[in-house]
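Accompanying notes for the structure given below.
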Amino acid sequence: MFFDGAVNANGVGIGAILISPTGQHYPAIAWLWFFCTNNNAEYEACIMGMNMTIDMVVEELLIMGDSDLIIRQAQSEWKTRDIKIIPYRQYVEDLSKQFKSVELRYIPRFHNELADALATLAAMLPYPGNVHIDPLEIQIRERHGYCNKIEVEPNDQPWYHDIKRFLKNKEYPQQANGDQKRTIRRLDDSFFLSREVLYKRTPDLNLLSCVDAKEAEKIMNEVHSGVCRTHMNGYVLAKKILLAGYYRMNMEKDCFNFVRKCHQCQIHSDLIHALPSELHPVSVPWPFVAWGMDVIGSIEPKASNEHRFILLAIDYFTKWVETVTFKAITKKAVVDFVHSNIICHFGIP
């Protein structure tokens, strides 16, 4: 169970979401018609979620929230001194006794974004009262909204069979409804039929030959790993095929799937083996307050003046670089370099 509360100028909202082991989500939101602080709203959201689990006859519960105060107080690790919060904590303890096992865990705010969004939605309702929001179904889109979708070529016919028949005989499919007929008429303007070959018109008035699944497989194999193979990615592969004069409605999706199945691309793809690490930026308040120095060398072969080392210094703020070459790096050479090229570069300070 994830929970969160939101207090803003519009009102006070709470949100909780239950996630079953199978991945089923059960969201709940409420608009509080009484004054609440942030901590009170967090407790209200936690209690609402726990009551939901009790109604669903849940026996084992993992509660996660981004309020360290509520989690610590519910675990009896911190004392509760606020008189207004003591009844909340006691009620949470009473609800916890109705489960076989209850675990409370603190999570950062960016891991609790879904519950936070529900609470913010409840707080932004225009007026108090019972507002019903239908359950949301989140779909997965694999292509842009302006792209048409054809999953399977029916009855061993190419995907453009109905379009070609409409251009040739002005006939619709037998079981087509009104929306499907409207779609065929809309696609009619972007295709051109020359004898038995169907072409796709492009915005620059070029004609691309329409190909079926078998022809597209041969074309992708030849362009991707043929004689002039370059093993490009799926996006570039689709663009190459379009430039070659061929068109298929699911071209980008097919190209991405084709590249994922290429054995050589999986072996020779760029793999990052370095472990992730945090960056530590150097903050410099003004120019020339911090410098970095390093020595490059020894350099082989030697320069014409027999110098083999490069002493380099860079200002972290302005990225100003100073370099000098030496035959050998000594203590006196470094001191003179700092004095002449950094401290007194623009005159005696």
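The values are calculated or read from the model by the stated rules, or taken from the named source; none is laboratory data. Since the structure is predicted, the reported quantities are computational estimates derived from the model, not experimental observations. For neighbour counting, all protein chains shown are included, and Cβ atoms are generated from backbone atoms with ideal geometry for every residue, glycine included. Accessible surface is based on the protein model in full, side chains and every heavy atom, while ligands, DNA and RNA are left aside. Shrake-Rupley method; radii C 1.70, N 1.55, O 1.52, S 1.80 Å.
Quick notes on this structure:
- Local net charge near Gly49, Cβ-Cβ under 13 Å (Lys/Arg +1, Asp/Glu -1): -4
- Note on Glu215 and Asp55: their simple-model spin labels are 5.9 nm apart, each label 7 Å out from Cα toward Cβ.
- nm² value of the averaged projected area, convex hull over the Cα atoms of region 255-349: 12.4 nm²
- Exposure of Cys344 as accessible area (Å², to 10), given a probe of 1.4 Å and all protein chains: 30 Å²
- Across the chain, the relative contact order, built from alpha-carbon pairs under 8 Å that are at least six residues apart, equals 11 percent.
- Long hydrophobic helices in the chain, taken as whole DSSP H segments with a C-alpha length of 20 Å or more on their own axis and mean Kyte-Doolittle hydropathy at least -1.0: 38-55.
- Entry note, the chain: the mean residue ellipticity at 222 nm calculated from DSSP H runs of n ≥ 4, each adding -39500 (n - 2.57), is -9500 deg cm²/dmol after division by the residues and rounding to the nearest 500.
- Candidates His307, His263, His280: whichever shows maximal mean-square fluctuation once the chain is modelled as a Gaussian network with Cα springs under 10 Å: His307
- DSSP bridge analysis restricted to the chain gives an antiparallel fraction near 75%, rounded to the nearest 5.
- Listed residues Val236, Val282, Val58, most fluctuating in the chain (Gaussian network, C-alpha, under 10 Å): Val282
- Think of the chain as a dipole: +1 on every Lys or Arg Cβ, -1 on every Asp or Glu Cβ, centred on the Cα centre; then among Ile343, Ser20, Met249, Met249 lies furthest on the positive end.
- Solvent-accessible surface (1.4 angstrom probe) belonging to Val324, in square angstrom, nearest 10: 40 Å²
- Length gained on full extension, Ser283 to Lys79: 69.5 nm, using 0.36 nm per residue less the C-alpha separation.
- Of all the options Ile85, Ile299, Ile17, the one that moves most in a Gaussian network model of the chain with Cα springs shorter than 10 angstrom is Ile299.
- In order along region 190-198, the Karplus-derived 3J(HN,Hα) couplings, from 6.51 cos²θ - 1.76 cosθ + 1.60 at θ = phi - 60°, round to 9, 10, 9, 10, 10, 6, 10, 9, 9 Hz, and Gly and Pro are given as x.
- Ile329 paired with Ile107, simple spin-label distance in nm, labels 7 Å along Cα-to-beta-carbon: 5.0 nm
- Extension gain for the segment Gln174 to Leu243, taken as residue separation times 0.36 nm less the Cα-Cα distance, is 21.3 nm to one decimal.
- Check: the chain dipole with +1 on Lys, Arg Cβ and -1 on Asp, Glu Cβ, in debye: 1220 debye
- Listed candidates (i) 24.9; (ii) 19.6; (iii) 36.9 - label of the one calculated as mean projected area of the Cα convex hull in nm²: (iii)
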